[in-house]
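Okay, structure first, notes after.
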Amino acid sequence: ERWVWRPIDISPLPSSKDFHTVFSPKIDLSAFKGRKNVSIAFRYNMTGDLGRHYVTWQINQFELTGRGPLSPFKNRIKKILEHKFDKKELAPFKNYSSPESSPRWTPFGFSGSYKFAKISVKDKPANAWLVSPSYKISNDAKELSLLIKEVVRQVNFNEARILISKVYKEGSRD
């Protein structure tokens, strides 16, 4: 099977005028049930110049939830996985940028506490990827969804993408 990234629809989109934390709508991932190599990527590909303005996109956390057997309880929605960017490094996520000199995703926080994976761009093109490790999604899972908590400022959503792959090979992106 060919390696492919598929955009995830996260509408309705936040206003992007100021630093506001927003949750994406629940994103249906049913098509990925039973897959062993599901990866999620946050990609910012800015080609223009904003003059004196900065673009900022911060990912706080994401959750993959689903419904499945949880003996001895009835089927119920549960977190299959959750990741918060609350450490000094972004691992186990991989951080790529092209060219190498372009802005990269970085851990970000304040008062000594990390809270986000952040890309901030002002006056040069950026093609920055933050790629999750591969996850295995059970065949038994139902009602699979992804929820993303993010902060945006001045983001052009034609340049910011959340992507998913079912056959990601580390190091490959485009």
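The values are calculated or read from the model by the stated rules, or taken from the named source; none is laboratory data. Please read these numbers as outputs of a predicted model, since none were measured by experiment. FYI the Cβ positions are ideal-geometry reconstructions off the backbone, even for glycines, and counts take in every protein chain you see. Each accessible area value is taken on the protein alone, full model and side chains, heavy atoms only, with ligands, DNA and RNA left out. Shrake-Rupley method; radii C 1.70, N 1.55, O 1.52, S 1.80 Å.
Rounded if a/c is under 1.5, else prolate if a/b beats b/c, else oblate: with a ≥ b ≥ c from the C-alpha gyration tensor eigenvalues square-rooted, which is region 87-174?
Verdict is prolate for region 87-174.
Given the Cα-Cα distance of ARG161 and LEU81 and 0.36 nm per residue of separation, how much length would full extension add, in nm?
On the way: separation 80, 0.36 × 80 = 28.80 nm, distance 2.09 nm.
Between ARG161 and LEU81, full extension yields 26.7 nm more.
Search the structure for amide H atoms under 5 Å from the amide H of VAL155, placed 1.01 Å from N in the peptide plane, and list their residues when 5 or more places away or on another chain.
THR56
Please arrange TYR54, TYR135, TYR44 by accessible surface area, largest first, computed with a 1.4 Å probe and ligands excluded. Please list the in-between numbers first.
Values: TYR54 110, TYR135 40, TYR44 0 Å².
Greatest to least solvent exposure: TYR54, TYR135, TYR44.
Could you calculate the contour length gain from THR21 to SER101, that is, 0.36 nm times the residue separation minus the distance between their Cα atoms, to one decimal place in nm?
25.9 nm
Quick one: which of LYS36/LYS78; LYS26/LYS136; LYS36/LYS115; LYS122/LYS166; LYS33/LYS87 span more than 27 angstrom between C-alpha atoms?
Violating the 27 Å limit, Cα to Cα: LYS36/LYS115; LYS122/LYS166; LYS33/LYS87.
Sort region 79-128 into rounded, prolate or oblate with this rule: let a ≥ b ≥ c be the square roots of the eigenvalues of the Cα gyration tensor; rounded if a/c is under 1.5, and if a/c is not under 1.5, prolate when a/b is larger than b/c, oblate otherwise.
Oblate.
Starting at the first residue of region 84-99, write each ³J(HN,Hα) from the Karplus equation 6.51 cos²θ - 1.76 cosθ + 1.60 with θ = phi - 60°, in whole Hz, x for Gly and Pro.
Running phi through 6.51 cos²θ - 1.76 cosθ + 1.60 with θ = phi - 60° gives 10, 8, 10, 10, 6, 10, 8, 4, x, 6, 9, 10, 10, 9, 9, x Hz.
How would VAL4, VAL55 rank on accessible area, largest to smallest, probe 1.4 Å?
From most accessible down to least: VAL4, VAL55.
Just read off the accessible area of TRP5 with the full protein assembly in place, 1.4 Å probe, to the nearest 10 Å².
40
Taking the full set of protein chains and a 1.4 angstrom probe, give the accessible area of ASP140 in square angstrom, rounded to the nearest 10.
Its heavy atoms expose roughly 90 Å² to the probe.
THR106: accessible area at probe 1.4 Å, nearest 10 Å²?
Per-residue accessible area (THR106): approximately 60 Å².
Return the sequence-ordered ³J(HN,Hα) values of region 121-130 in whole Hz as given by the Karplus equation 6.51 cos²θ - 1.76 cosθ + 1.60 applied to θ = phi - 60°, using x for Gly and Pro.
The phi angles translate into 10, 10, 10, 9, x, 9, 9, 10, 10, 10 Hz.
Students sometimes get this wrong: rank ARG104, ARG153, ARG6 by accessible area, probe 1.4 Å, all chains present, largest first.
ARG6, ARG104, ARG153
May I ask you to derive the FRET efficiency for ALA31 and GLN154 from their Cβ-Cβ distance with R0 = 25 Å, giving the value to the nearest 0.05?
0.20
Could you check the spin-label model distance between ASP9 and TYR135? Points 7 Å from the Cα along Cα→Cβ, value in nm.
Reported label-point gap for ASP9 and TYR135 is 2.1 nm.
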